[in-house]
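The values are calculated or read from the model by the stated rules, or taken from the named source; none is laboratory data. None of these values were measured; they are calculated from a predicted model. Positions of Cβ are backbone-derived with ideal geometry, glycine not excepted, and every protein chain shown enters the neighbour counts. For the accessible areas, the whole protein counts, side chains as well, though only heavy atoms, and no ligand, DNA or RNA atoms are used. Shrake-Rupley method; radii C 1.70, N 1.55, O 1.52, S 1.80 Å.
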Amino acid sequence: MKETHHSDKTFDKINYSNKVVSGREFEACTFTNCDFSGSNFSGNDFIDCRFEDCNLSMMRLEYTGLKTVEFHNCKVMGVDFSACNEFLFSVSFSNCILDFVSFFRRKIRKTTFDGCSIKEANFTQSDLTGSAFSDCDLSQTVFDQTILEKVDFRSASNFSIDPDMNKIKKAKFSLTGLPGLLDKHDIVVG
């Protein structure tokens, strides 16, 4: 059990910027308009929580539990999700800025990314089976030895995926997304 347990609470306009917070468990909590930029929340647990209109840029989450956590309209730049606790790890993102994040070796099956900017992110060796990138900008995002089976890329843009270096069986792409699968061949489509 964590030192401090918060259940069914709403945290509004709290400034956690550059602070260290540890030994906490947040269950069914909502965070709105909070600033977590540069903070260190390593070793905490978030269970069934929701972040809305928050700034989580460069937030440290080593050994942090994210168990069914939703992010809406948040700035989450530079966060290393691969450092989080793997046990029951489950997240979803809607209208977020996820530039420069890392999901290295993270098992994030059936994860929803909706209307997000995911530029220069790292999904190397991740398992994204059944996930969806709806209306997401994936400019310079790395997919290398990534399991992308049944992933929906139909409305995603600016991705570059090497079919020889990733598992893409039954992944969904639109005709306009085909150039992103042919980049390595230097073929011009159009």
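What's the extension gain from Glu120 to Lys167 if we count 0.36 nm per residue and subtract their Cα-Cα distance? Gain in length upon complete extension: 14.9 nm. Past the 27 Å Cα-Cα mark, which pairs from Lys9/Lys150; Lys75/Lys167; Lys75/Lys110; Lys13/Lys107? Over 27 Å Cα-Cα: Lys9/Lys150; Lys75/Lys167; Lys13/Lys107. Just to check, using Stokes-Einstein with a Kirkwood Rh over alpha carbon pairs, what's the diffusion coefficient of the chain at 10 °C and 1.306 mPa s in µm²/s? In µm²/s, the coefficient is 94. Residues Tyr16, Tyr63, ordered by accessible area of protein heavy atoms at a 1.4 angstrom probe radius and largest first, appear as Tyr63, Tyr16. Can you pull the accessible area of Lys150 for me, 1.4 Å probe, Å² to the nearest 10? Near enough 120 Å² of accessible area. Per-residue extension of 0.36 nm, minus the Cα-Cα distance of Ser7 and Ser139, leaves a gain of 43.7 nm for this segment. Measuring with a 1.4 angstrom probe and ignoring ligands and nucleic acids, Phe46 comes out at about 0 Å² accessible. In segment 1-64, the alpha-carbon atoms span a convex hull of 67 Å³ per residue. Where a ≥ b ≥ c are the square roots of the eigenvalues of the C-alpha gyration tensor, would you call segment 53-138 rounded, which needs a/c under 1.5, or, failing that, prolate if a/b is larger than b/c, or oblate? Note, shape of segment 53-138 comes out rounded. The simple spin-label model puts a point 7 Å past each Cα toward its Cβ; for Lys110 and Thr32 those points are separated by 2.9 nm. Remark: accessible surface ordering of Arg106, Arg50, Arg154 (largest first) is Arg154, Arg50, Arg106, probe radius 1.4 Å.
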